[in-house]
Amino acid sequence: MAKAKLEKTESPAMLEEFYREMLYIRRFEEKCNVAYRLGKIGGYMHTYVGMEATAVGIHHAIRPGHDYMITAYRDHPQPLLLGTDPVSVMCEIMGRSGGLSRGKGGSMHVYDIERGFYGGWGIVGGHIPLGGGLAFSSKYRGDDRVTICLLGDGAANQGVVFETMNMAGLWDLPIIFCIENNEFAMGTRLEYHAADTELYKRGEPFNIKSERIDGMDVIEFHKDMERIVNWVRKEQKPYWVEIMNYRFNGHGAADNDRELYRTKAEEAEAMKRDPIARLEKILLDRNIMTREKMEAIDEELSDKVDAIYEAADASPFPDASEVYDNVYTDIEPEKGH
Ligand SMILES: Cc1ncc(C[n+]2csc(CCOP(=O)(O)OP(=O)(O)O)c2C)c(N)n1
Ligand SMILES: [Mg+2]
């Protein structure tokens, strides 16, 4: 049994899939960064560069399309992995009418409910009780869904997190709080915002099983997440997992002053943990892939991302007449309420 599992999780085909998916996310995010600088994307935008193993490892640990997932504003990779039309994702990021929210939400409000992805939320910590609600609905209906609730190290300090943890622990909700500890909350380093930087310890007072795992080694991380997801599905209890990763870009696309809060030397050290480079080394060492094959995959994915961008750029902006559509009010705007 254990051997069969190992073969599945470490088969060459699986590792190639991990590689393709992580590289796809990186090239997609890099394209977004370029588009932002060209003025093609407005508002806020936060990329996932450096953290790709986290999205990919979780995606392969859940039942995609069946389980629920909710996150904050680093929300581009999850729908890409779930199979959402990537042009509709890019359109949303670019504010075009072909977007998932018809271009009204932007980068922070990507979602795909049909595939179990509930967004895409901009208020730090605001989505955590919603994650609790998703897990409660599974419990109430008696289905076997697991809810993945992603949150940052900074978000882990918000009051609603503790309220949700209490309810999750009390009512045995099938939710996994995935703390993406990328060491920063905007420009605030972990040790300046957390009374105890060992965030994994926070589960215990709420009677929630918890642990800290490495989120930069996609193979090990995926195995850990698979074990945790299976446990939560079977036991119908919550889990609190601190995922150690690092964001390579600035906090958001407008953050060009990373030197104000971290040194170049520190970044260089962290980039030695690059999940893509780490997997490349494993693929080469195990003779699963050659450098040439990797370059060919990179070219293929870069072309794919270029085509997604071109298609999105051809989508029109929403018409001004739509400005009040899907806004939850029946009050006439001209009456000034
Ligand atoms: C309630 C609230 N306070 C402040 C902000 C501004 N803000 C946006 S992101 C962020 C930092 C969050 O950091 P973290 O949870 O670690 O997530 P990361 O960006 O590292 O993924 C802050 C303070 C906000 N969006 N909402
Ligand atoms: Mg953070």
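What to note about this one:
- Ranked packing of 60-68, 319-327, most packed first, by mean Cβ within 10 Å: 60-68, 319-327
- Of LYS40/LYS104; LYS139/LYS234; LYS139/LYS209; LYS40/LYS304; LYS223/LYS264; LYS209/LYS234, those spanning more than 22 Å from alpha-carbon to alpha-carbon: LYS223/LYS264
- Each residue of the stretch 33-47 was assigned a 3J(HN,Hα) from its phi angle through the Karplus expression (A = 6.51, B = -1.76, C = 1.60, θ = phi - 60°), giving 4, 5, 4, 4, 5, 7, x, 7, 10, x, x, 8, 8, 10, 9 Hz with x at Gly and Pro.
- Gaussian network model of the chain, springs between alpha carbon atoms under 10 Å - residue of GLY154, GLY42, GLY203 with greatest fluctuation: GLY42
- Evaluating kT/(6 pi eta Rh) at 4 °C and 1.567 mPa s, with the Kirkwood radius of the stretch 246-299 over Cα pairs in the Stokes-Einstein relation, gives 98 µm² s⁻¹.
- Highest-MSF residue in the chain out of THR71, THR84, THR47 [GNM, Cα springs under 10 Å]: THR84
- Euclidean distance of C-alpha centroids, the stretch 93-152 and the stretch 27-68, integer Å: 14 Å
- The Cβ shell under 12 Å around MET69 holds other residues with a net charge of 0, Lys and Arg each +1, Asp and Glu each -1.
- Highest-fluctuation residue, ILE128, ILE213, ILE93 considered, GNM on the chain with Cα pairs under 10 Å: ILE213
- Heavy-atom accessible surface of GLU220, to the nearest 10 Å², is about 90 Å², with a 1.4 Å probe and all protein chains retained.
- The chain, relative contact order in percent, only Cα pairs under 8 angstrom and at least six apart counted: 22 percent
- DSSP bridge pairs, the chain: antiparallel proportion in percent, nearest 5: 10 percent
- Accessible area per residue was computed with a 1.4 Å probe on protein heavy atoms; VAL124 scores about 60 Å².
- Over the chain, DSSP H runs of length four or greater, each weighted -39,500 (n - 2.57), average out per residue to a 222 nm ellipticity of -14000 deg cm²/dmol.
- Extents of the chain, largest first, come to 66, 53, 42 Å (Cα atoms, principal axes, whole angstrom).
- Size of the stretch 239-337 as Cα extents on the principal axes (Å, biggest first): 68, 35, 35
The values are calculated or read from the model by the stated rules, or taken from the named source; none is laboratory data. These numbers come from a predicted model, not from an experiment. Glycine also receives a Cβ, built like all others from the backbone with ideal geometry; neighbour counts cover every protein chain displayed. The area values use the complete protein model at the heavy-atom level, side chains included, leaving out ligands, DNA and RNA. Shrake-Rupley method; radii C 1.70, N 1.55, O 1.52, S 1.80 Å.
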